[in-house]
1. Among (1) under 17 Å from the mean Cα position of the chain (by Cα); (2) exposed (fewer than 15 other Cβ atoms within 10 Å of the Cβ); (3) β-branched (Val, Ile, Thr); (4) in a helix (DSSP H, G or I), there is one condition Thr257 misses while meeting the rest; what is its number?
2. Go through segment 272-284 and give me each residue that's open to solvent by 30 Å² or more (accessible area, probe 1.4 Å) and not polar (S, T, N, Q).
3. Is it true that Ala186 is in a loop (DSSP other than H, G, I, E, B) and at pLDDT 90 or above?
4. If I ask for residues that are open to solvent by 70 Å² or more (accessible area, probe 1.4 Å) and farther than 29 Å from Leu60 by Cα, which ones from segment 160-197 would you list?
5. Tell me yes or no: at least one residue of segment 216-235 is outside any helix (DSSP H, G or I), of a type in the set (D, E, K, R) and either buried (at least 21 other Cβ atoms within 10 Å of the Cβ) or without any contact (Cβ under 8 Å) to a residue 60 or more places away in the chain (or both).
6. Only one of these conditions is not met by Thr264: (1) within 16 Å of the chain's Cα centre (by Cα); (2) of a type in the set (S, T, N, Q); (3) open to solvent by 40 Å² or more (accessible area, probe 1.4 Å). Which number is it?
7. What about Phe117, is it modelled with pLDDT of 85 or more and hydrophobic (A, V, I, L, M, F, W, C)?
8. Considering only residues that are modelled with pLDDT under 55 and out of contact with any strand residue (DSSP E or B) (no Cβ under 6 Å at 6 or more places or on another chain), which ones fall in segment 135-151?
Amino acid sequence: MARKSSRRLTEQERAERRRQDRERLQVAAEQLLTSQGWKRWVRVRSQAGLARLSISNQLLVALARPDATFVAGFNTWLRMGYAVRKGERAVAIIAPLPLKERDRMTGEETGDTMMLFKTVFVFDRAQVDPIDGREQAPLGPPCEPLTGDSHAHLLVPIRVFAESLGFSVSFESIPGETGGWCDQKARRIVVDADAPANAQLRILIHETIHALGIGYAEYGRQRAEVIVDTATAIACASVGLRVDGDSIPYIAGWGETGELDAVTAFAKTIDELARRIETVLAAGETAAETVAA
């Protein structure tokens, strides 16, 4: 059956739609941050959720507790109203410890930062109980994971585009909720092979945008993730794949520390990134319509 064709938007119309999408995502994320029900979750997720751990720490948690879903330190659990059960074994992970460098002669800060690392201990949700038996608010994110394969035909064009950037792309089983990653040094993108096709597309687009130069070294981890996932959501919306259920909580989580301002500060960058991905997706849709016809 042939795909129903629609009028192609002009570049000006596409730019206006991207602007509206940026504003919509930012407003939705801000509302999530200030809503009573999830404000607390966003605060603790920024320091405790698996999505906030580095790939190395996620692997450390996965090796120690393959079924882990949400980890936090002993004192963080107490602040959230939970107590670690007696006898539970902690998981050791590595936490960054940024220190301001000081001039050896004057003792004054030089403006440079030296990054040290220390071992910290965390516990999984399954290792804690509500204090005094009082069940607390749910710890899971207000997330609606993508399902279905309606946009599976766009995986190939995005993969080809990522490979044209000099990155290899592979689909592998990934434990936990990581979904995928982009290793810029190794020039490698990995996507969870067990995720639904539509989720794989969102992940592949997200990691491909990282491959376009939006790295942690250039922008910082929080800001880079806000930029990348905002552009991802806009690009996906251009082909009718709404990823708000995944993206808005994700963007809000990074925005808890103020990095949500990146949506405005880097509007031009986000627009350019989304446009590059949109071009690839549009070509993929056209090719699919031609084949279907």
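The values are calculated or read from the model by the stated rules, or taken from the named source; none is laboratory data. These figures come from a predicted structure and were not determined experimentally. Neighbour counts run over all protein chains shown; Cβ positions are idealised from the backbone, glycine included. Quick note on the areas: whole protein, heavy atoms, side chains included, nothing else; ligands and nucleic acids left out. Shrake-Rupley method; radii C 1.70, N 1.55, O 1.52, S 1.80 Å.
1. (4)
2. Going through segment 272-284, the residues open to solvent by 30 Å² or more (accessible area, probe 1.4 Å) turn out to be 272, 275-276, 279, 282-283.
Within segment 272-284, Glu272, Arg275, Arg276, Ala282, Ala283 meet the criteria.
3. For Ala186, the condition - in a loop (DSSP other than H, G, I, E, B) and at pLDDT 90 or above - is met.
4. Within segment 160-197, Val160, Glu163, Ser164 meet the criteria.
5. Of the residues in segment 216-235, the ones outside any helix (DSSP H, G or I) are 220.
From what's left, of a type in the set (D, E, K, R): none.
No; the residues of segment 216-235 include none that is outside any helix (DSSP H, G or I), of a type in the set (D, E, K, R) and either buried (at least 21 other Cβ atoms within 10 Å of the Cβ) or without any contact (Cβ under 8 Å) to a residue 60 or more places away in the chain (or both).
6. Among (1) within 16 Å of the chain's Cα centre (by Cα); (2) of a type in the set (S, T, N, Q); (3) open to solvent by 40 Å² or more (accessible area, probe 1.4 Å), Thr264 violates only (1).
7. Details: modelled with pLDDT of 85 or more: no; hydrophobic (A, V, I, L, M, F, W, C): yes.
No, not satisfied.
8. Here is the first cut: in segment 135-151, the residues modelled with pLDDT under 55 are 135-141.
Across segment 135-151, the qualifying residues are Glu135, Ala137, Pro138, Gly140, Pro141.
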